[in-house]
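Only one structure is covered here, and it is reproduced in the block below.
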Amino acid sequence: MTLPPEFPENAPIPRADVYHFRSVAIAGIALLAVLHLHLLPALFAGVGGFVLYRSLRARVRAHLDSTRAPWITYLLLAVVLVAIGFAMFEAFELLLSASSGGLAKLLRLLADTLDSIRTTAPDWIATKLPDSAAALQEAVSSWLRSHAAQVQQWGREALRILLYLVLGLAIGILAGAAAPQPEPSAPLMRLAQHRLVQLALAFRDIVAAQLRISLVNTLVTAAYLLVILPLFGYKVPLSHTLVAFTFFASLLPIVGNLLSNAAIVLAALTVSPWLGGVSLAFLVVVHKLEYFLNAHFVGNRIQVPAYALLASMLVLEAGFGAAGLVAAPVYCAWLTRELRGGRWI
């Protein structure tokens, strides 16, 4: 099945009859099945690839003739994907490569943190901490040996998610690059195409809102690390790097915030345990406020009340865990589009 060549903002939608209702209901069940089968990474990668290709193609066609537009679109898409992959590789290389000293810096940071905590913590806490970075490394190695099966399971899960992302991205790009076809006359095919287009539009809206959330998180973190703490005489190591990391990590809902928060608390602990505790409390408050910030930005983008979006996040998180929490904004945006397009709300 091929998709419509473009997805305009006001895409035509079949009239709100029984077939339309059934197609929306079936699509909703399919989206829940995606969560149940743990295929959310593939779905988001596929829709993201589709939206990215169509967006690039629309911009290229606005400036070039139709004969050269496909090749320029492929070139731009390749450049974007290679740039993303290169940035991720360089980030891991900087952090973990022995040649860059990233791993050594991390171990020194952990050792400084242990020394700082040991000198100020109560005796019953200090006696339970490793005596040195080498002792910490041995403790980590011992834990890894005792949980080898669990670590292997995590590795297999990571590879599975990576495979789903690659396959989903390939499917989405192929769907976006499919030759334009006239809208089919068969009701089933026509309704299925419209459901997919509405999902792509909903995904685009959520990504735009998430970018705004990332900018706000970065500004708040920068104000805390670069302005507020220096005013009180504290300087957290790698502050500028942590601010940049917060921006990119915040583009990934939930998990990204956990990673950036852990990095900030770890860096603050090297200054003093008290500052680490204050930073943790600050980040917990910011993290909780983000639920409402997310609901505000996304709600304005898709014209959904904040309480309705929060309710969808609560329900899907209860039913499907973290994956449901990540999927809730996109699913809610899609359902709202369908209900508004069918004139049911």
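The values are calculated or read from the model by the stated rules, or taken from the named source; none is laboratory data. Nothing here was measured: the structure is a model prediction, and the numbers come from that model. Because the Cβ atoms are built from the backbone with ideal geometry, glycine has one as well, and the counts that use them run over all protein chains shown.
List of remarks:
- The selection criterion, being of a type in the set (D, E, K, R), under 30 Å from Ile29 (Cβ atoms) and in contact (Cβ under 8 Å) with a residue 12 or more places away in the chain, does not hold for Arg212.
Residue-wise test of (1) surrounded by fewer than 15 Cβ atoms within 10 Å (Cβ to Cβ); (2) modelled with pLDDT of 85 or more.
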| site | (1), (2) |
| --- | --- |
| Asn10 | yes, no |
| Arg15 | yes, no |
| His20 | no, no |
| Leu40 | no, yes |
| Leu43 | no, yes |
| Ser66 | yes, no |
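- Residue in the stretch 245-264 that is more than 30 Å from Val330 (Cα to Cα), part of a helix (DSSP H, G or I), in contact with a Leu (Cβ under 8 Å, 6 or more places away or on another chain) and not polar (S, T, N, Q) present: no
- Residue within the stretch 224-241 that is buried (at least 17 other Cβ atoms within 10 Å of the Cβ) and closer than 30 Å to Val51 by Cβ present: no
- Unique match (being part of a helix (DSSP H, G or I), at pLDDT 85 or above and more than 27 Å from Gly28 (Cβ to Cβ)) among Leu162, Leu167, Leu196: Leu162
- Taken over the stretch 32-70, residues that are outside any helix (DSSP H, G or I) and under 24 Å from the mean Cα position of the chain (by Cα) amount to 3.
- Flag for Gly276 being surrounded by 15 or more Cβ atoms within 10 Å (Cβ to Cβ), part of a helix (DSSP H, G or I) and at pLDDT 85 or above: no
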